[in-house]
Amino acid sequence: MIPAFDPHALRDEFPILSEQINGHRLIYFDNAASAQKPRVVLEAMEQLASHGYANVHRGLHVLANRATEAFEGARASVARFVNAPEAAEVIFTRGTTEAMNLLAYGLASSIQSGDEILLTEMEHHSNIVPWHFLRERRGAKLVWAPVNAQGGLDLEATLALIGPRTRVAAITQMSNVLGAVPDLPRLADAVHGFGGILVVDGAQGAVHFPTDVQALGCDAYALTGHKLYGPTGIGALWAKRDLLERLDPFNGGGEMIEIVTRDRVTYAGLPHRFEAGTPAILEAVGLGAALDWLMSQDRAAIELHEKALHDRAVAGLKAIGASLYGESPDKGAVLAFNIPGLHAHDVAQILDQSGIAIRAGHHCAQVLMAALGVSATARASFALYNTMEEVETFLAATERAQARFARVRPQQAGAHA
Amino acid sequence: MATMAETSTTAPAVHDISARAAEIADDFALLTDWEDRFAFLMEAGAEMQPLEPGERIGDNKVRGCASQVWLVSGISDSPHGKVLRLRGESDALLVTGLVALVVRLFDGQKPEAVLAFDARQFFDRLGLRGALTPQRSNGLSAMLERVRADCAAHGNN
């Protein structure tokens, strides 16, 4: 048992981390946008492509069986990763976005005009726009739960917004900007008390916190592979069997049917009913490898490590007078900030010259940006392979950027909208 | 920057586009590292006359930019015939610096001369497309496309 987590031991498993960027060794703090991939993920995909590749589920030959076993093995890995009661409740999607669209589309015919969908101000657009479709097409009413002064979800205000018209509450497990972690079990109880369902966007939360959908009490949970050290183009939706069986199918095509005639079609059972067409086979297997790898790590120690990086960065940025967005207790390891006298985009461009990759912009969270009263923030987000030395280099580069470049333009000081 | 003040008050400019491009390239040649280049761009951006709040509107917004960019452009009469008039800014200072260079190149020039000038190659030669991220380069590309579209639309009238 290793007492503390040592990221240095893991870094060799990520080939890209030894890249030189603009003459400096890469410091990758854009993990909330997409994380880098360990060799085990790349090898799993190459292994399948080289020795076991064919289309899944419909072949009667050796390769088809190998591919199907690998693909269904990946589904079982996802089920273990989120502690799903059964693997058939796990639907492969292209990512969180497609999972949310699948859910919203599948629920549409059961939504009546005036039914309420509860969202929070800190949701990512992928957990907003699919519900806007139900507002536009079904007359659903979007109800917005507020963020409090600390940049966490205002739980009491949110509970007060949940009522008999609440059909769906769609809430992030962890904000991609504020890092806030809403009390999902409490919200699940409240929503269920009125007969609604709780849908959880796990795009960020799944990365930083061991996730048990049964303990969260949610009815559906979406994650994406590429933030979980896995490939792009693959993610998953878990939902309770009875919910999935109530949903209208999303995409129609091969694989998702039982019988097709000129006059009628009957649909396959779970999970195939929601997986029309040839799936992203190699990517699904890559995702399974990423999750198996992550589950083999000491995730409690990783959480503490990421928190230590985050807390040091917070202290360093505060020391140079930065504005920080999101300081709720127990938040995840993302850090949104602005440097006085520098636009977030300028900060990102300047740090890039030192090989430091951060994000700048609205982070696909324009509702939150409006609530915070800013048009953009910079964001550093941490992963298990980041080190304290990297945080120190980042802070030094940020301080130098401020000293060299910060200037006050009267109408555009900071990044205020 | 004397040349910028000169071109923003008198139209058309004394220099044609390639002479202005050569001036900018000379300025850049003196800058040895990225910090100096960034400082130069931010200085050029800060010296730009800010747009009026009423000009920071959707119609003037350039699509495809990671930050917000507004360009106010139009074709005006001058003693030398029709010329492009161009102003702009961004909420990010480095981008405003790029806008300043585009303005310095093209403001007060004849639309056909603007269309004939290979701006992409010019910015590539300055190393600006490489020094700035793809998203930012796209912002520059979008700006250049906007200017070309305005000049081309004039030709069709």
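Using Cα springs under 10 Å in a Gaussian network model of chain A, which residue among A:Arg262, A:Arg66, A:Arg241 shows the largest mean-square fluctuation?
Comparing A:Arg262, A:Arg66, A:Arg241 in a Gaussian network model of chain A, the most mobile one is A:Arg262.
In percent, how large is the relative contact order of chain A, given Cα pairs closer than 8 Å and 6 or more residues apart?
For chain A, the relative contact order is 22 percent.
Taking 7 Å along the Cα-to-C-beta vector as the label spot, tell me the B:Asp16-A:Leu324 distance in nanometres, rounded to one decimal.
About 5.9 nm separates the two model spin labels.
To the nearest 10 Å², what's A:His363's accessible area with a 1.4 Å probe?
Around 0 Å² of this residue is reachable by solvent.
Would you tally the net charge around A:Ala220, using a Cβ to Cβ cut-off of less than 14 Å, leaving A:Ala220 out, and scoring K and R as +1, D and E as -1? All intermediate terms of the calculation are to be shown ahead of the outcome.
Details: positive: A:Arg167, A:Lys240, A:Arg241, A:Arg246; negative: A:Glu89, A:Glu98, A:Asp201, A:Asp219, A:Asp242, A:Glu245.
Here the charged neighbours net out to -2.
Within the range A:223-259, what residues put their amide N at less than 16 Å from the label point 7 Å along the Cα-to-Cβ vector of A:Arg58?
Residues A:251-259 fall inside that zone.
Quick check on the range A:169-224: take the gyration tensor over C-alpha atoms, sort the square-rooted eigenvalues as a ≥ b ≥ c, and tell me if it's rounded (a/c under 1.5), prolate or oblate.
prolate
For the range B:31-76, which residues drop by 50 square angstrom or more in accessible area between the chain on its own and all protein chains together (1.4 Å probe)?
B:Trp34, B:Glu35, B:Met42
For labels at B:Ala46 and B:Ala29 in the simple 7 Å Cα→Cβ model, what's the distance in nm?
Going from the B:Ala46 label point to the B:Ala29 one covers 2.7 nm.
Which aspartates and glutamates have a Cα lying under 18 Å from the Cα of A:Lys141, excluding residues fewer than 8 positions away in the same chain?
A:Asp115, A:Glu116, A:Glu121, A:Glu123
Measure out, as a whole number of angstrom, how far apart the alpha-carbon centroids of the range A:229-268 and the range A:11-79 sit.
Between the Cα centre of the range A:229-268 and that of the range A:11-79, the gap is 24 Å.
Per residue of A:349-356, how many C-beta atoms from partner chains lie within 10 Å of its own C-beta, taken as a mean?
Details: counts 14, 5, 0, 5, 6, 1, 0, 0.
What the average comes to for A:349-356 is 4.
Using protein heavy atoms only (no ligands, DNA or RNA), what is the total accessible area buried between B and A, 1.4 Å probe, nearest 100 Å²?
Chains B and A together bury approximately 1900 Å².
What number comes out for the charge environment of A:Met122, summing +1 per Lys or Arg and -1 per Asp or Glu over other residues with Cβ under 12 Å away?
-3
For chain A, place one equal point scatterer on every Cα, skip the solvent, and apply the Debye formula. What is log10 of I(q)/I(0) at q = 0.11 Å⁻¹?
The computed values of log10 I(q)/I(0) come out as -0.85.
Placing +1 at every Lys and Arg Cβ and -1 at every Asp and Glu Cβ, with all other atoms neutral, what dipole size does chain A have around its Cα centre, in debye to the nearest 20?
The calculated dipole for chain A is roughly 860 debye.
Loop only per DSSP, at most 12 neighbouring Cβ atoms within 10 Å: give me the chymotrypsin sites (Phe, Trp or Tyr not before Pro) in the range A:107-160, ordered by residue number. Don't skip to the end; give the middle numbers.
Values: sites: A:Trp131, A:Phe133, A:Trp144; in loops: none.
Listed in order of number, the matching sites amount to none.
What lysines could a cross-link reach from A:Lys307, if we take a straight Cα to Cα line under 28 Å and drop same-chain neighbours fewer than 8 places away?
Of all the lysines, those that pass the test against A:Lys307 - Cα under 28 Å, at least 8 places apart if same chain - are A:Lys37, A:Lys227, A:Lys318, A:Lys331.
Work out how much length A:Arg264 to A:Thr387 would gain on full extension: take 0.36 nm times their residue separation and subtract the Cα-Cα distance, in nm to one decimal.
Taking 0.36 nm per residue and subtracting the Cα distance, the gain is 38.5 nm.
Tell me the net charge near A:Leu155. Cut-off is 10 Å between Cβ atoms, A:Leu155 excluded, with +1 for each Lys or Arg and -1 for each Asp or Glu.
-2
Return the whole-Å distance between the Cα centroid of the range A:330-351 and the Cα centroid of the range B:68-89.
Using only Cα atoms, the two centres lie 34 Å from each other.
Going by Cα centres, the range A:164-184 and the range A:80-124 are how many Å apart?
Using only Cα atoms to place each centre, the spacing works out to 13 Å.
Round to a whole number: what % of the accessible area of chain A belongs to carbon and sulfur, probe 1.4 Å?
Taking all protein chains in place, chain A shows 52 percent carbon and sulfur surface.
Using the heavy atoms of the protein chains alone and a 1.4 angstrom probe, what is the accessible area of the protein assembly as shown per residue in square angstrom?
Here the per-residue accessible area is 41 Å².
The values are calculated or read from the model by the stated rules, or taken from the named source; none is laboratory data. If you're wondering where the values come from, they're calculated on a predicted model, not measured in any experiment. Because the Cβ atoms are built from the backbone with ideal geometry, glycine has one as well, and the counts that use them run over all protein chains shown. Side chains are part of the model used for accessible areas, which takes the heavy atoms of the whole protein and leaves out ligands, DNA and RNA. Shrake-Rupley method; radii C 1.70, N 1.55, O 1.52, S 1.80 Å.
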